[in-house]
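K.L.:
Here it is: the structure, laid out below.
The values are calculated or read from the model by the stated rules, or taken from the named source; none is laboratory data. Note that the coordinates shown come from a computational prediction; the quantities given were computed from them, not determined experimentally. All Cβ positions, even for glycine, are placed from backbone atoms using ideal geometry, and neighbour counts span all protein chains on display. Note: areas computed on protein heavy atoms with side chains; ligands, DNA, RNA excluded. Shrake-Rupley method; radii C 1.70, N 1.55, O 1.52, S 1.80 Å.
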Amino acid sequence: MKHLIDPTDLTVQEIDDILDLAIDIINDKEKYQDACKRKKLATLFFEPSTRTRLSFEAAMMELGGNVLGFSSADSSSTAKGESVGDTIRTVGCYADIIAMRHPKEGAPLLGSFVSDVPIINAGDGGHNHPTQTLTDLLTIKREKGRLNNFTIGLCGDLKFGRTVHSLIKALSRYEGIKYVLISPNELRVPEYIITEVFKKNNIEYKEVTTMEEVMDELDIIYMTRVQKERFFNEADYIRLKDTYILDKSKLKTAKPDLSILHPLPRVNEISTDVDSDPRACYFRQALNGKYVRMALIMTLLEVTV
Ligand code: CP
């Protein structure tokens with residue numbers, strides 16, 4: 001049995017197979033409408049979510065399966081003191097596969113140690129968000145036609161942004177990608193990403209503090225929200241939250257085929273005047289999240305049609 005806890009739990013071949021399956025689902029939805037008939041997905045969300053939880057649920061429904069679960073710790077027996085391990089063991093009696101989000105880094109991994117069914121990490125603290133990464137990869141593949149040979153700018157909260165950490169880890173295994181890390185000094189990527197991913201693999205990267213100085217170099221810009229919920233000090237959040245606001249004026253020097261991605265939710269970091277720009281991919285990205293989660297559920301349940 002396989003779980004998905006970290007993006008590197010999947011080989012490059014397995015990722016490419018999941019993306020190909022997602023594209024086949026997009027092209028022939030009817031073929032997959034009963035693929036998971038009589039299967040159940042449990043969504044255990046100990047932290048708020050709109051896209052991840054609802055796209056997982058929509059994904060299972062579109063595969064002909066059923067969903068159950070909870071959307072906050074308060075509405076589960078966690079509020080009475082039940083451990084993550086006991087929760088997972090119990091839910092495994094009722095569901096065939098579990099998608100779990102938790103504020104504590106490593107909680108889904110802990111759950112996977114005791115689980116009788118596949119566990120999918122739907123976001124653990126500021127650590128990883130591997131299904132957002134699959135969503136991002138499918139979006140890049142559909143928008144650019146490839147997963148290699150481009151320059152990507154990652155902008156915003158690179159310290160706490162788990163989607164950034166997972167995306168860098170996954171992309172580091174593809175060829176010819178240059179990374180431009182755009183953040184205030186306080187929100188730079190964690191040191192382990194610099195040493196264990198970039199330096200260890202001789203990957204080209206640079207760190208800058210403004211998007212204007214690099215905009216004309218980028219094929220992709222991946223905007224992120226400053227992660228209010230991870231700050232210890234509200235004054236620091238207020239000082240940093242609007243450091244980057246991508247608007248039409250900042251796109252003047254951008255490439256005509258730039259792809260603008262954002263895992264969402266957005267707060268202020270992309271002005272709504274960018275939404276009508278054909279280069280804005282973030283709502284197409286949200287839709288891709290449903291299809292790639294359909295492909296992932298089928299893969300982990302070893303379902304074929
Ligand atoms: N991208 C993402 O994880 O969004 P949600 O927090 O709404 O699930």
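K.L.:
Going by the conditions given, is Val226 among the β-branched types (Val, Ile, Thr) and modelled with pLDDT of 95 or more?
P.N.:
Here the answer is no, as Val226 does not meet what is asked.
K.L.:
With respect to the numbered conditions (1) in a helix (DSSP H, G or I); (2) closer than 18 Å to Leu154 by Cβ, which one is the sole condition not fulfilled by Ser249?
P.N.:
With respect to (1) in a helix (DSSP H, G or I); (2) closer than 18 Å to Leu154 by Cβ, Ser249 is out only on (2).
K.L.:
Moving on to the next point. State yes or no: is Leu4 within 16 Å of Ile119 (Cβ to Cβ), open to solvent by less than 70 Å² (accessible area, probe 1.4 Å) and of a type in the set (A, V, I, L, M, F, W, C)?
P.N.:
Criteria met by Leu4.
K.L.:
Does Arg284 count as among the charged types (D, E, K, R), surrounded by fewer than 19 Cβ atoms within 10 Å (Cβ to Cβ) and closer than 17 Å to Thr50 by Cα?
P.N.:
yes
K.L.:
Additional query: Are any residues in the stretch 20-54 open to solvent by 30 Å² or more (accessible area, probe 1.4 Å), within 16 Å of the ligand (Cβ to nearest atom) and among the hydrophobic types (A, V, I, L, M, F, W, C), and if so, which ones?
P.N.:
Across the stretch 20-54, the qualifying residue is only Leu54.
K.L.:
Can you tell me which residue within the stretch 55-86, out of those that are on the phi > 0 side of the Ramachandran plot and open to solvent by 50 Å² or more (accessible area, probe 1.4 Å), is farthest from the ligand (Cβ to nearest atom)?
P.N.:
Gly81
K.L.:
Under 8 Å between Cβ atoms, which residue pairs at least 6 apart in sequence (or on different chains) link something in the stretch 231-248 that is closer than 30 Å to Ser276 by Cβ with a partner that is modelled with pLDDT under 90?
P.N.:
Listed pairs, sorted by first residue: Tyr237/Lys228; Tyr237/Phe231; Lys241/Lys228.
K.L.:
Another one. Anything in the stretch 90-111 that is surrounded by 15 or more Cβ atoms within 10 Å (Cβ to Cβ) and either more than 19 Å from the chain's Cα centre (by Cα) or among the aromatic types (Phe, Trp, Tyr) (or both)? List them, or say none.
P.N.:
Within the stretch 90-111, Val91, Gly92, Ala95, Asp96, Leu110, Gly111 meet the criteria.
K.L.:
Condition test on Glu186, is it part of a helix (DSSP H, G or I), open to solvent by 20 Å² or more (accessible area, probe 1.4 Å) and within 19 Å of Leu264 (Cβ to Cβ)?
P.N.:
Taking the combined requirement at face value, the residue does not satisfy it.
K.L.:
Out of all the residues in the stretch 151-176, which are more than 16 Å from the ligand (Cβ to nearest atom) and open to solvent by 10 Å² or more (accessible area, probe 1.4 Å)?
P.N.:
Thr151, Lys159, Lys169, Ser172, Arg173, Tyr174, Glu175, Gly176
K.L.:
Inside the stretch 134-152, can you point out the residues that are in contact with a strand residue (DSSP E or B) (Cβ under 8 Å, 6 or more places away or on another chain), of a type in the set (S, T, N, Q), closer than 21 Å to Leu10 by Cα and not in a loop (DSSP other than H, G, I, E, B)?
P.N.:
The answer is Thr139, and nothing else.
K.L.:
Could you tell me whether Tyr179 is assigned to a strand (DSSP E or B) and under 17 Å from Asp136 (Cβ atoms)?
P.N.:
Here the answer is yes, as Tyr179 does meet what is asked.
K.L.:
While we're on this one: Regarding the stretch 288-297, can at least one residue be identified that is modelled with pLDDT under 95 and surrounded by 23 or more Cβ atoms within 10 Å (Cβ to Cβ)?
P.N.:
no
K.L.:
Additional query: For the stretch 280-305, what are the residues that are within 12 Å of the ligand (Cβ to nearest atom), of a type outside the set (Lys, Arg) and either in contact with a Ser or Thr (Cβ under 7 Å, 6 or more places away or on another chain) or in a loop (DSSP other than H, G, I, E, B) (or both)?
P.N.:
Selection gives Gln285, Asn288, Gly289.
K.L.:
Among the residues of the stretch 231-279, write down those that are within 16 Å of the ligand (Cβ to nearest atom), open to solvent by less than 30 Å² (accessible area, probe 1.4 Å) and under 22 Å from Ser49 (Cβ atoms).
P.N.:
Leu261, His262, Pro263, Leu264, Glu269, Ile270
K.L.:
In the stretch 237-258, what residues are in contact with a Lys or Arg (Cβ under 6 Å, 6 or more places away or on another chain), among the hydroxyl-bearing types (Ser, Thr, Tyr) and modelled with pLDDT of 95 or more?
P.N.:
Matches in the stretch 237-258: none.
K.L.:
Oh, and also: Does Leu138 fit the bill of being more than 12 Å from the ligand (Cβ to nearest atom) and either open to solvent by 10 Å² or more (accessible area, probe 1.4 Å) or among the acidic types (Asp, Glu) (or both)?
P.N.:
So Leu138 fails the test.
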